[in-house]
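What follows is one structure encoded as structure tokens, with my remarks underneath.
The values are calculated or read from the model by the stated rules, or taken from the named source; none is laboratory data. Given the structure is predicted, the values throughout are model-derived calculations rather than measurements. All Cβ positions, even for glycine, are placed from backbone atoms using ideal geometry, and neighbour counts span all protein chains on display. Quick note on the areas: whole protein, heavy atoms, side chains included, nothing else; ligands and nucleic acids left out. Shrake-Rupley method; radii C 1.70, N 1.55, O 1.52, S 1.80 Å.
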Amino acid sequence: MADEATRKAVSEIPLLKTNSGPRDKELWVQRLREEYLALIKYVENNKSADNDWFRLESNKEGTRWFGKCWYIHDLLKYEFDMEFDIPVTYPATAPEVAIPELDGKTAKMYRGGKICLTDHFKPLWARNVPKFGLAHLMALGLGPWLAVEIPDLIAKGLIQHKEQQNSS
Amino acid sequence: MATVEELKLRVRELENELIKCKQKRCPEDAGGSQNYRQRIVKMSAEVVDSNPYSRLMALKRMGIVEDYERIRTFSVAVVGVGGVGSVTAEMLTRCGIGKLILFDYDKVELANMNRLFFQPHQAGLSKVEAAEHTLRSINPDVSFETHNYNITTMDNFTHFMDRISHGGLEEGKPVDLILSCVDNFEARMAINTACNELGQIWMESGVSENAVSGHIQLIIPGETACFACAPPLVVAANIDEKTLKREGVCAASLPTTMGVVAGLLVQNVLKYLLGFGSVSHYLGYNAMQDFFPTMSMKANPQCDDHYCRKQQEEYQRKQAERPKQEVVEEEEEQVVHEDNEWGIELVSEVTEEELKAASGPKPDLPEGITVAYTIPKKENTPDGEMVEETEQSLEDLMAQMKRM
């Protein structure tokens, strides 16, 4: 399913308790607090493991999320904007993370730049409802996707380092 | 500054808009030289070349359908106007359905041209817009309503719920049936959520990502299994997963499989709406072996969707009120394989205990149908650390995250 490093990182993300989606009023606020707590812990863990790789924030209602993710390749940092909506059926279904600027560059994407996750992700998510949250989505969904796709896109010349691009 | 491509697209959009306006005003000369027929007030059974309904009305004369004209009284919502949904909508349009409500957020792309219905010159238009244009020209008797949005987001979902509960042929009444022709789990779950809450009957359809199997399923909230009652059911394609190459692609598609599934779906819709033949609860299509497994599955009393459980209580209550003989008929059959002329028997799944504990129980399903994955029984003891309670408010946490 995932490599040892990912497994370890995931095991250190706190699990969520509240099974509630954006259509539930007060319970959703509780869930959102847990989402933020888990995300903060995960980012802190990443920082202390010298593997800081994303930032996320949401609108006031916590229904729309946006942020940045980056990937280091050959000592160069490649940064991308990401975004996603919380589906009404969350947390039973995971959000579909999109990196719009990569739309059309890889076949491992659905329209609108939504990343195409592996076959393992959906069963894994389904088995861990409601314990998994957005931090787990990052660690098990977006992280592994970037690790496979970005080096490939760089090798194919489909993405260039932004500074190099500017200087040339 | 707009590019030439953008301007071309805008012209196409406006042309489409113009044709629609013309059709609404005076259907006979819309589209210039093209032949558009006038609206037909009453379906006629007269067998003449100019009657678009003569072959359908013949179903009555042959004793297949009792009252074909009833088709005009129904309103059907099609969610997802892609490879399956567009063909489904076309079939219903040609059959003379009363009203069609189309939902899709996507645009027509050249990559869709391996499937039926859409044409290259429509590339760039929204699917619902392009579909409405084509369908209206095929049959102007049908009322159309289109919504170009993603139903799974909060605001759109509320609107979606409102339209299925008020978008009947007579505004304010619910639609008669919803057809799910979407290509993803999230949208199916959203339709499922809406239908469980509203007690709305719907049919689900799907084609596998490898394009060689598909299925249709009738969901009557409280009675038959809802989409959340069990892990997604899939038709076993009898392909060794290890030999299935996935590199560099997300999904394959074939016009054949999608056309077959759309045909099976609309056939079931016609049988359900017009009351002929037997309506399938679940019908699978395995294109590799040309095998069509069928089954029916009852709602799961432990379903995660509490509206599903509520609908089940309601259904049980109604069943209890019915005369006694009928209750006897309602025997506990988990899976009924109604048609078994090939003498296919169920092979019991005796897997190792450890494997079972790790993956969870597999429902008893007839040959050829399986679940996409299994879910182990919920444990009370979590296998990891839970989030710790803090005094921090959501606003504090948002601010803290932003500072990181």
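Mind checking the full-extension length gain between A:Lys60 and A:Glu26? Use 0.36 nm per residue of separation minus the Cα-Cα distance, one decimal, nm.
Answer, rounded to one decimal: 10.9 nm.
Run the dipole for the protein assembly as shown about the Cα centre, Lys and Arg Cβ at +1, Asp and Glu Cβ at -1, nothing else charged, and hand back the magnitude in debye, nearest 20.
1640 debye
Based on a Kirkwood Rh over C-alpha pairs, give the Stokes-Einstein translational diffusion coefficient of the stretch A:1-101 at 25 °C and viscosity 0.890 mPa s in µm²/s. List each step's numbers first, then the result.
On the way: Rh = 14.9 Å.
In µm²/s, the coefficient is 164.
Can you run the Rg to Rh ratio on the stretch A:44-168? Use alpha carbon positions and the Kirkwood inverse-distance Rh.
0.97
Averaged over A:83-96, how many beta carbons belonging to a partner chain fall within 10 Å of each residue's beta carbon? Working shown, then result.
On the way: counts 0, 0, 7, 3, 13, 15, 15, 3, 0, 8, 10, 2, 2, 5.
Whole-number average of other-chain Cβ neighbours for A:83-96 is 6.
If you stretched the chain out fully between B:Glu171 and B:Lys362, how much longer would it get, using 0.36 nm times the residue separation minus the C-alpha to C-alpha distance?
Values: separation 191, 0.36 × 191 = 68.76 nm, distance 4.37 nm.
Once the chain is fully extended between B:Glu171 and B:Lys362, it gains 64.4 nm.
Over all residues in B:146-153, what is the mean tally of Cβ atoms on other chains that come within 10 Å of each residue's Cβ?
Details: counts 0, 0, 0, 0, 4, 2, 9, 7.
Shielding by partners across B:146-153 averages 3.
Based on Cβ point charges of +1 for Lys and Arg and -1 for Asp and Glu, what charge dipole magnitude is obtained for the stretch B:140-274 about its Cα centre, in debye rounded to the nearest 20?
Roughly 380 debye, rounded to the nearest 20.
Connecting C-alpha atoms closer than 10 Å in a GNM of chain A, tell me which of A:Gly133, A:Gly157, A:Gly112 has the biggest fluctuation.
In the Gaussian network model the winner is A:Gly157.
Ignoring ligands, DNA and RNA, what accessible area per residue does the stretch B:143-202 give at 1.4 Å, in Å²?
35 Å²
Please work out how much length the chain gains when fully extended from B:Gln302 to B:Lys402, using 0.36 nm per residue of separation minus the C-alpha to C-alpha distance, in nm with one decimal.
Contour length minus Cα-Cα distance gives 32.0 nm.
Carbon-plus-sulfur fraction of the accessible area of the protein assembly as shown, 1.4 Å probe, in percent?
The value for the protein assembly as shown is 51 percent carbon and sulfur by accessible area.
Any idea which of B:His147, B:Pro120, B:Ser75 is furthest toward the positive side of the dipole for the stretch B:1-156, if Lys and Arg beta-carbons carry +1 and Asp and Glu beta-carbons -1?
Value: B:Ser75.
Residues of the stretch B:252-291 with amide nitrogen under 12 Å from the 7 Å Cα-to-Cβ point of B:Thr73?
Residues B:274-275 qualify, since their backbone N sits under 12 Å from the label point.
Bins of 10 Å, beginning at zero and ending with the bin holding the largest distance: percent of Cα pairs per bin for the stretch B:117-250, please.
Result, from short to long distances: 10, 32, 35, 19, 4, 0 percent.
How big is the dipole moment of the stretch A:71-168 about its Cα centre under a simple scheme where the beta carbon of each Lys and Arg is +1, that of each Asp and Glu is -1, and everything else is neutral? Debye, nearest 20, please.
For this selection, approximately 320 debye.
For n ≥ 4 DSSP H runs only, could you compute -39500 (n - 2.57) per run for the protein assembly as shown, divide by its residues and tell me the 222 nm figure to the nearest 500?
-11000 deg cm²/dmol
Pop a pseudo-label 7 angstrom from the Cα along the beta-carbon direction at both B:Asn51 and A:His73 and give the gap in nm to one decimal.
6.6 nm
Two-decimal Rg/Rh of the stretch B:69-169 from alpha-carbon positions, Kirkwood Rh? Provide the component values of the computation, followed by the final result.
Numbers: Rg = 13.3 Å, Rh = 13.7 Å.
With Rg and the Kirkwood Rh in hand, the quotient comes to 0.97.
Once label points are set 7 Å from the Cα along Cα→Cβ at both B:Ile64 and A:Glu4, what is their separation, rounded to one decimal in nm?
It works out to 6.5 nm between the two label points.
Looking only at the stretch B:197-239, which residues have a backbone nitrogen under 18 Å from a spot 7 Å from the Cα of A:Thr118 in the C-beta direction?
Correct set: none at all.
What is the distance, in nm, between label points placed 7 Å from the Cα along the Cα-to-Cβ direction at B:Ile138 and at B:His121?
Reported label-point gap for B:Ile138 and B:His121 is 1.8 nm.
Given the C-alpha centroids of the stretch B:77-122 and the stretch B:283-317, what is the distance between them in whole angstrom?
Measuring centre to centre over Cα atoms gives 26 Å.
Could you work out, residue by residue across A:32-40, how many beta carbons of other chains sit within 10 Å of that residue's beta carbon, and then give the average as an integer?
So the per-residue partner count for this stretch is 6.
Could you work out how far the C-alpha centroid of the stretch A:8-57 sits from that of the stretch B:144-160, in angstrom?
29 Å
For the protein assembly as shown, with the dipole built from +1 on Lys and Arg beta-carbon atoms and -1 on Asp and Glu ones, taken about the Cα centre, which of B:Met189, B:Phe292, B:Leu7 lies farthest toward the positive end?
The residue sitting farthest along the positive end of the dipole is B:Leu7.
Taking a point 7 angstrom from the Cα of B:Ala251 along the C-beta vector, which residues in the stretch B:173-210 have backbone N less than 19 Å away?
From the stretch B:173-210, the list is B:179-193, B:203-210.
Rg and Dmax of the protein assembly as shown, using alpha carbons, in Å: what are they?
For the protein assembly as shown, the Cα radius of gyration and maximum Cα-Cα distance read 25.6, 83 Å.
Sorted by packing (mean other beta-carbon atoms within 10 Å per residue), highest first, where do B:181-192, B:55-66, A:90-101 land?
In descending order of packing, they fall as B:181-192, A:90-101, B:55-66.
Could you tell me how far the Cα centroid of the stretch A:98-112 sits from the Cα centroid of the stretch B:177-208, in Å?
What the calculation gives is 26 Å, centre to centre.
So if R0 is 22 Å, what FRET efficiency would B:Leu7 and A:Arg111 give, r being the distance between their Cβ atoms, rounded to the nearest 0.05?
On the way: r = 23 Å, r/R0 = 1.03.
Working from the Cβ atoms, E equals 0.45.
Please report the buried accessible area for the interface of A with B, total over both chains, probe 1.4 Å, in Å² to the nearest 100.
In total, chains A and B hide about 4200 Å² from solvent.
Using only alpha carbon pairs under 8 Å that are at least six residues apart, calculate the relative contact order of the stretch A:1-129 and give it in whole percent. List each step's numbers first, then the result.
Working: 166 pairs, mean separation 20.3, N = 129.
Across the stretch A:1-129, relative contact order equals 16 percent.
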